[in-house]
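For reference, the structure discussed in these notes is given below.
The values are calculated or read from the model by the stated rules, or taken from the named source; none is laboratory data. All values reported here derive from a predicted model rather than from experimental measurement. Cβ atoms come from the backbone with ideal geometry, glycine included; neighbour counts cover every protein chain shown. In case anyone asks, the SASA skips ligands and DNA or RNA and just uses the protein heavy atoms, side chains included. Shrake-Rupley method; radii C 1.70, N 1.55, O 1.52, S 1.80 Å.
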Amino acid sequence: RVDAPLYYGNVQAIGTADFEVLADEIAYATTLTDGDVANVLRALVKQMKKHLADGKIVKLDGFGSFKFQLSGKGAAIEKEYTTSLIKKMNIQFRPGRLIREVQNLTTLTFKKVATKKVNNVEVEEDDN
């Protein structure tokens, strides 16, 4: 017996808030210039890279934490394990309290978007 396919929701981004947009918005909400904000954000990224490379977890209270996570192949015995088995390094982000607040299903709104087929594959398309 073959069950009918199930349909699931999927998040579709409606745009991007990039570095420049964030710097402008933060500057507007504070007494800093957009250049000052951009310099602080660049310095933050530089320091985060340094601390991550040093093997530290970077924790920004309320915002979240960043740490390295690796994946690769295992070895049958410990003596056979070498770093050559590491295939990929990712940065894991764990949102903090202030960021998790936006995940509250009671405050989010959802809408169904139209689907279209591209090369016989369904692709979601905003209906606006």
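Couple of notes before you dig in:
- Candidates LEU52, LEU22, LEU85, LEU44: the one that is touching a helix residue (DSSP H, G or I) at 6+ places or on another chain (Cβ under 9 Å) and either on the phi > 0 side of the Ramachandran plot or open to solvent by less than 80 Å² (accessible area, probe 1.4 Å) (or both) is LEU22.
- Residue tally, condition charged (D, E, K, R) and within 20 Å of the chain's Cα centre (by Cα), over the stretch 14-24: 2
- Residues within the stretch 5-19 that are free of Cβ contacts under 8 Å to residues at least 12 places away in the same chain, under 26 Å from GLN103 (Cβ atoms) and open to solvent by 70 Å² or more (accessible area, probe 1.4 Å), tallied: 7
- Hits in the stretch 1-24 (condition: more than 20 Å from LYS112 (Cα to Cα) and touching an Asp or Glu at 6+ places or on another chain (Cβ under 7 Å)): ALA23, ASP24
Yes/no matrix, rows are residues, columns are (1) more than 16 Å from the chain's Cα centre (by Cα); (2) more than 30 Å from LYS111 (Cβ to Cβ); (3) without any contact (Cβ under 8 Å) to a residue 12 or more places away in the chain:
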site	(1), (2), (3)
THR33	yes, yes, yes
LEU52	yes, yes, no
PHE66	no, yes, no
PHE93	no, no, no
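- In the stretch 99-128, the residues that are open to solvent by less than 90 Å² (accessible area, probe 1.4 Å) and among the polar types (S, T, N, Q) reach residues that are modelled with pLDDT under 85 and not in a loop (DSSP other than H, G, I, E, B) with C-beta atoms within less than 8 angstrom, at least six apart or across chains, in these pairs: THR115/GLU122; THR115/VAL123; THR115/GLU124; THR115/GLU125.
- Residue selection: LYS88 fails the criterion of being within 30 Å of GLY9 (Cα to Cα), at pLDDT below 90 and of a type in the set (Lys, Arg).
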